[in-house]
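Visitor: One structure follows; several queries about it will come next.
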Amino acid sequence: MNKLTIQHVKKRFGRKQILNDVSFELAPAKIYGLLGRNGAGKSTLLNIMTNRIFANQGQVLLGQTPVANNQAALSELYLMSEVDLLMKHTKVKDTFAMAEDVYGQFDFANATRMLNAFGISEKDTLAKLSTGLRTAAKLTVALNVNANYIFLDEPTLGLDANHRELFYQELMRTYEERPRTFVISTHLISEVQQLLEDVIILDHATIIKNEAVSDLLANAYEISGPADLVAEYTAGMQILTSRQLGKIQAVTVVAALNDHRVLPDQVKLAHLDLQKTFTALTNGGEKHE
Ligand SMILES: Nc1ncnc2c1ncn2[C@@H]1O[C@H](COP(=O)(O)OP(=O)(O)OP(=O)(O)O)[C@@H](O)[C@H]1O
C-alpha cells in the first residue's frame, strides 16, 4: 500500500483563502482524526484529496503518482460525505452494487450484516430513510468498499448515541480484519479520541498540529493555582486559554514541561483530553511573559 502525500495545497473561494500551503502525509493502515472548527476547510481538503474539487495550487500523490484525474489512483480513495452523489430513489442494495462497479470486491456479506444491525432493509430507498439511517446506510458502504483510503466526513451526522456506538465498533472490527487508512472528520472529538492514532488539526487555513494523539496529549496541560504562582511557573510559555476563579488562575498550555522549573506545592498540573486540547489550540492564544 502506498502512502498518500498532500503537497503545498492552496485553495481560495473568491477572496477567502481556505487552505494555505497545506502539506502532510497519510500512512497506510492508520486511523487519523481531521479536526477543525466550523468552516476550517476540512471538507474542502477531503474534496480536493478525492478529486471532487480542484486546488488552486499543489498536488496529491498516491505513492509517486498524482491522483488528479487518475482513475486507477482514485479507485483507492473513497470519500463518504454529507453530499449525496446518488439519486434519492436508489435502493440501499443498489448502492452496494455501484460501489462494487467502481471499486471492485465489495464485502456484501458484511454490509448485509451491518444493515441488519442498524435495522435497515436493503430494499429501502435512500429517500425513505431518516437522516440518521441514511448516514448509517452510507457508512455501511464506506466500511465495506474496496479502497485503501477511506475518508469519513462527519460520519455520525444524525446518528443517535446507540448507532454511533455501533459505528465505532464496526469501524474497529473492519480495521482489525483488514487494516487500511481511515480519516475521520468530526466534531464529536471525545467520542472518537480512543479510536484515533494520529490527529491533524486545521486552523486559519493551515495545519497547526499533525502528530500522534498520545504525543500531543502528553504535552497538553491545565495548570492551576494562585494566580501569581501560576504566572511565575508559566513565564515564557505560550498560554492558550486562561480563566480566573477568585484568586485561582487556570491556564492551558501545550508544551514540553521537561525543563527544570520547580512546580510550587499549591500549583496543580492536570492532563487535558483531546477535546479540551483542541478547544485550547483553536481558541487563539496569547504570549505570557
Ligand atoms: N463551493 C464553495 N463556494 C464558496 N465557498 C465555499 C464553497 N465550499 C466551501 N466554501 C467555504 O469554505 C470554507 C470552508 O468550508 P468547509 O466546508 O471546507 O469547512 P469545514 O471545516 O468542513 O466546516 P464544518 O465543520 O462546518 O463542516 C467555509 O467558509 C465555506 O463557506
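Visitor: Figure the gain on full extension for A72 and A235 (residue separation times 0.36 nm, minus the Cα-Cα span) and round it to one decimal in nm.
Guide: In short, 53.3 nm is gained.
Visitor: Let me see the P(r) profile for region 96-141: every Cα-Cα distance counted, bins of 5 Å, each bin given as a percent of all pairs.
Guide: Taking all Cα pairs of region 96-141, the binned fractions are 5, 23, 33, 23, 13, 3 percent.
Visitor: How many nm separate the modelled label positions at E197 and E177, each set 7 Å beyond the Cα in the direction of the Cβ?
Guide: If labels sit at E197 and E177, their model points lie 2.0 nm apart.
Visitor: Still on this structure, I have one more. Excluding same-chain residues fewer than 8 positions from K16, which aspartates and glutamates have a Cα within less than 17 Å of its Cα?
Guide: D203
Visitor: Would you pull out the residues with amide H under 5 Å of F182's amide H, same chain only if 5 or more places away, H placed 1.01 Å from N?
Guide: Here K30, I31, Y32, I150 satisfy the definition.
Visitor: Let me ask you something else. Take the alpha-carbon positions of region 171-262, form their convex hull, and give its projected area averaged over all directions (one quarter of the hull surface) in nm².
Guide: Answer in nm², one decimal: 8.3.
Visitor: Moving to a separate point now. Could you please tell me the mean projected area of the C-alpha convex hull for region 95-207, averaged over all directions and given in square nanometres to one decimal?
Guide: 7.8 nm²
Visitor: What is the ratio of the Cα radius of gyration of the chain to 2.2 N^0.38 Å, with N the residue count, to two decimals?
Guide: Against the empirical 2.2 N^0.38 Å value, I get 1.14 for the chain.
Visitor: Cα atoms only, region 1-153: Rg and Dmax in Å?
Guide: Answer for region 1-153, Rg first and Dmax second: 16.4, 48 Å.
Visitor: Taking a quarter of the surface of the convex hull around the Cα atoms of region 219-287, what do you get in nm²?
Guide: 4.3 nm²
Visitor: So how far apart, in nm, are the two label points at D228 and D265 if each is 7 Å from Cα heading toward Cβ?
Guide: So the two model labels end up 1.7 nm from each other.
Visitor: For the chain, list the DSSP H helices whose alpha carbon atoms reach 18 Å or more along the long axis and whose average Kyte-Doolittle value is 0.0 or above?
Guide: On the way: long enough: 131-144 (20 Å, 0.47); 161-177 (24 Å, -1.32).
Within the chain the helices that satisfy the rule are 131-144.
Visitor: What is the distance, in nm, between label points placed 7 Å from the Cα along the Cα-to-Cβ direction at H8 and at Q57?
Guide: With each label placed 7 Å out from Cα toward Cβ, I get 0.7 nm.
Visitor: Taking a point 7 angstrom from the Cα of T206 along the C-beta vector, which residues in region 237-273 have backbone N less than 17 Å away?
Guide: Answer for region 237-273: 238.
Visitor: Along region 7-18, what does the Karplus equation 6.51 cos²θ - 1.76 cosθ + 1.60 (θ = phi - 60°) give for ³J(HN,Hα), rounded to whole Hz, x for Gly and Pro?
Guide: Once rounded to whole Hz, the list reads 10, 6, 7, 10, 9, 10, 10, x, 8, 8, 7, 8.
Values in this text are rule-based calculations from the coordinates and carry no lab data. Nothing here was measured: the structure is a model prediction, and the numbers come from that model. Using ideal geometry, Cβ is built from the backbone for each residue, glycine included, and neighbour counts are taken over all protein chains shown.
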